[in-house]
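The values are calculated or read from the model by the stated rules, or taken from the named source; none is laboratory data. Given the structure is predicted, the values throughout are model-derived calculations rather than measurements. Cβ placement follows ideal geometry from the backbone for every residue including glycine, while neighbour counts extend to all protein chains displayed. Keep in mind that these areas ignore ligands, DNA and RNA; they rest on the heavy atoms of the full protein, side chains included. Shrake-Rupley method; radii C 1.70, N 1.55, O 1.52, S 1.80 Å.
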Amino acid sequence: MIWLGIDTANSPLSVAIVKDDVLLIEESSMMKINHSLCAMPAVEEACRKASITPSEIDAIAVSEGPGSYTGVRIGVTIAKTLAWTLDKPLYGVSSLKALAVNGQLFNGLICSIMDARRSNVYTGVYRAKGTELVNVLEDQHCALAELLEKLKEYEETVLFVGEDVKLYESIIREHLGEQAYIASFALNVPRASSAILLAQSENQPETVHTFTPQYKRITEAEANLVKKESSHE
């Protein structure tokens, strides 16, 4: 079985192809690139290097968010388009959980973080149980201070994973002290192969037409509209 994995949930871009549980190719970039211009060519290049045609793909896994609105939307749109045109099953997985896979051998809690600006983060907290990751705190958008207070209550070591952790490292260490571990740069790269790994454990594929990104919060424009409507009530 041949899987295509796509992760564009944030500024990094990752594309992978797995055949019969063997990773044929995975290409990831942590540079801030334009996904609308680079994501589809990256998929085409991965297929070329793996010597497969798109029609040979059996299933598609995509990071469904949360993360950058634009990044998530581009990845999901490409995955839906391919799934529809090729008539292949589509699986959406949490971008935060896919990132947490990098720390699955850590003996403690694994906390994925993506910056949501204004001292807020997208985050999910997990614990490894065998080969699976189980949610300790559900994926959410929250204030960093609120997250750290919750983690402090667990009184367990916590591995923080994600490129954006460095933005808040001093605050994390100040609040959690020796309880906090910061992942190395090698573990902060979102991997499309991790999206495939998680998708393989899902029971049912998505309905392509109704599948939507999981943003975990409304857009700023929507928030401003709500404020405007509330002020007129």
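Values computed for the structure shown
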read-out: When residues of the range 121-150 are limited to those that are polar (S, T, N, Q) and more than 15 Å from residue 105 (Cα to Cα), the one surrounded by the fewest Cβ atoms within 10 Å (Cβ to Cβ); value: 135
read-out: Output for the range 166-177, where each listed residue is among the small types (Gly, Ala, Ser) and open to solvent by 70 Å² or more (accessible area, probe 1.4 Å); value: 170
read-out: Strands (runs of 3 or more DSSP E) (entirely within the range 25-130) containing at least 1 residues that are under 11 Å from the mean Cα position of the chain (by Cα), more than 14 Å from residue 12 (Cβ to Cβ) and not aliphatic (A, V, I, L, M); value: 90-93, 120-129
read-out: Residue 136 being within 15 Å of the chain's Cα centre (by Cα), of a type in the set (A, V, I, L, M) and not in a loop (DSSP other than H, G, I, E, B); value: no
read-out: Criterion violated by residue 73 - all others in (1) of a type outside the set (Ser, Thr, Tyr); (2) touching a residue at least 40 places away in the same chain (Cβ under 8 Å); (3) open to solvent by less than 10 Å² (accessible area, probe 1.4 Å) satisfied; value: (3)
read-out: Check on residue 64, in contact with a Gly (Cβ under 6 Å, 6 or more places away or on another chain), open to solvent by 10 Å² or more (accessible area, probe 1.4 Å) and modelled with pLDDT of 95 or more; value: yes
read-out: Pick from the range 151-165, criterion in contact (Cβ under 8 Å) with a residue 24 or more places away in the chain and open to solvent by 50 Å² or more (accessible area, probe 1.4 Å), ranking: farthest from the chain's Cα centre (by Cα); value: 155
read-out: Check on residue 204, of a type in the set (S, T, N, Q) and open to solvent by 90 Å² or more (accessible area, probe 1.4 Å); value: yes
read-out: Checklist (1) out of contact with any strand residue (DSSP E or B) (no Cβ under 6 Å at 6 or more places or on another chain); (2) at pLDDT 95 or above; (3) not hydrophobic (A, V, I, L, M, F, W, C) applied to residue 129, failing item; value: (2)
